[in-house]
Amino acid sequence: MKFWIIVTLIVLGEVLQNALCQQHKRTKEAGDNRIRPGNKRMKPRVPKGKDRESGFSGKSQSIMTRVLDKGRFLKLSGSYISNSGESLELRCKGSQIGWAYPVYLDTFKDSRLSIKQHDKYSQLLLSGTSAADTGEFSCWPLLCDGSECTKDVDKTTTTYIYFTDKEELFVPSTSYFEIIYLRPDRPSIIPCRVTSPAVKVALHMEVPPQEIPVDGDQISFDPKEGFIMHKPGPEHRGVFYCKASLRGTPQMSVKYQLLYVEVPSGPPSVTIEASSSRVMGGDNINVTCTVLGEPEVEVDFTWTYPGQDQRPVIIKEAWRLINRGMGHTTRISQSVITVEDAETIDFGNYVCTAKNLQGQTSVAARVDSY
Ligand SMILES: *[C@@H]1O[C@H](CO)[C@@H](O)[C@H](O)[C@H]1NC(C)=O
């Protein structure tokens, strides 16, 4: 019992903190933490006047509860602190429920996770929880028309669960080293998430060794995301790590290599090259279309060519990252069209069109016969 009083106090503390720092920017998910230890039933209850922060009405009431030992239920929304090691049982009311949970659990096809739909509720069980399971859990009723189901957005309940572990102040990362791309036009996140909102976190640069001041304006910290650089610039390149403390020895996060991306966003910049501009019948022809761009921007290639619809060709696509020094990285995307055993119909213009979300660019190369 004493344990739950402590947890309740911690969660309430977090509610206040959320209310103070996140009210303005997260109104969308500003569900409050309603804690009702000892509730024997999952009765839908209209929040009392005391549950003030959210300004929510009964419409957005949480449908998610955590099942505690001895058949006690705790209604969840907002964020919630659990101890790692315990097992987690969540229930969401409804005869058809969809779930989302930290991708980590999917990536490793975790056998600790099971989901079962019962008549009136769906049950998510996660055994042997650990700090790595920290993240967002949500559920929603499915509105089905025959076999087509859509998500009931209004009734979706999302809870961020911290699995607190004093040995793991940071949510463990699957790699020892992470690469983060900084762009002039959007915020970047150094994802050193923590396993308790009470952890104090500082941002450090490795060379020259220094602590980076966090003013909440240029750089801010969110325990659910990490450090957010609101206006990244070339001066933020380098190797960084986060340092956490909560009584006892400080802990270090993995290292983050921050690379500055200089390529401006826009339609792809494309070059094209044929293996040779004059070939003889029976030769092979390769035409290569190359795009240099931002590391995360995908490029789609399409080709038009003289023998279109009349003869088979081989088209191969690939991309890789190239390090251009000084923390600059570029993605090189290529498409190669190969025509084997060239004939008369293969001579003419090979046109490559490269497309990204910003637009498209076409370039052509001419292949003639001797
Ligand atoms: C075309 O590309 C393939 C694969 O890269 C290569 O093996 C072949 O020699 C190339 N052919 C010509 C004519 O350049």
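Worth pointing out:
- Screening CYS149 against (1) within 30 Å of LYS243 (Cα to Cα); (2) loosely packed, with under 14 Cβ neighbours inside 10 Å leaves a single unmet condition, (1).
- Subset of the stretch 264-279 that is part of a strand (DSSP E or B) and hydroxyl-bearing (Ser, Thr, Tyr) - its residue that is modelled with the highest pLDDT: THR271
- Taking the stretch 214-261 as the range and being among the aromatic types (Phe, Trp, Tyr) and modelled with pLDDT of 90 or more as the test, the residues that pass are PHE221, PHE227, PHE240, TYR241, TYR256.
- Condition met for ARG183 (among the basic types (Lys, Arg) and under 24 Å from GLU298 (Cβ atoms)): yes
- When ALA318, ALA354 are checked against the criterion of being aliphatic (A, V, I, L, M), in contact (Cβ under 8 Å) with a residue 24 or more places away in the chain and within 26 Å of ARG183 (Cβ to Cβ), a single residue qualifies: ALA354.
- Condition met for ILE332 (outside any strand (DSSP E or B), outside the structural domain of PRO234 (by TED's automatic domain parsing) and surrounded by 12 or more Cβ atoms within 10 Å (Cβ to Cβ)): no
- Looking only at residues in the stretch 257-309 that are within 16 Å of the ligand (Cβ to nearest atom) and charged (D, E, K, R), the one that is surrounded by the fewest Cβ atoms within 10 Å (Cβ to Cβ) is ARG278.
- Residues of the stretch 337-346 include at least one that is within 16 Å of the ligand (Cβ to nearest atom), in contact with a Gly (Cβ under 8 Å, 6 or more places away or on another chain), in a strand (DSSP E or B) and not acidic (Asp, Glu).
- Those strands (runs of 3 or more DSSP E) lying entirely in the stretch 137-230 with at least 1 residues hydroxyl-bearing (Ser, Thr, Tyr) and under 17 Å from the mean Cα position of the chain (by Cα): 157-164, 177-182, 188-190
- As a summary of the residue check, ILE332 satisfies the conditions (1) away from the ligand (no atom under 16 Å from the Cβ); (2) in contact (Cβ under 8 Å) with a residue 12 or more places away in the chain; (3) among the aliphatic types (A, V, I, L, M) except for the one numbered (1).
- Scanning the stretch 62-100 for residues that are outside any strand (DSSP E or B), farther than 20 Å from PRO141 by Cα and in contact (Cβ under 8 Å) with a residue 40 or more places away in the chain turns up LEU68, SER84, GLY85, GLU86, SER87.
- Every listed requirement among (1) assigned to a strand (DSSP E or B); (2) more than 16 Å from the ligand (Cβ to nearest atom); (3) acidic (Asp, Glu) is met by ASP368 save one, (2).
- Any chance LYS243 is charged (D, E, K, R), more than 16 Å from the ligand (Cβ to nearest atom) and part of a strand (DSSP E or B): yes
- ALA354 vs. criteria more than 16 Å from the ligand (Cβ to nearest atom), assigned to a strand (DSSP E or B), farther than 30 Å from ASP185 by Cβ and not assigned by TED's automatic domain parsing to the domain that holds GLY233: no
The values are calculated or read from the model by the stated rules, or taken from the named source; none is laboratory data. Bear in mind the structure is a predicted one, so any value in this text is a computation, not a measurement. A quick note on method: Cβ atoms are made from the backbone with ideal geometry, for glycine too, and the neighbour counts reach across all protein chains shown.
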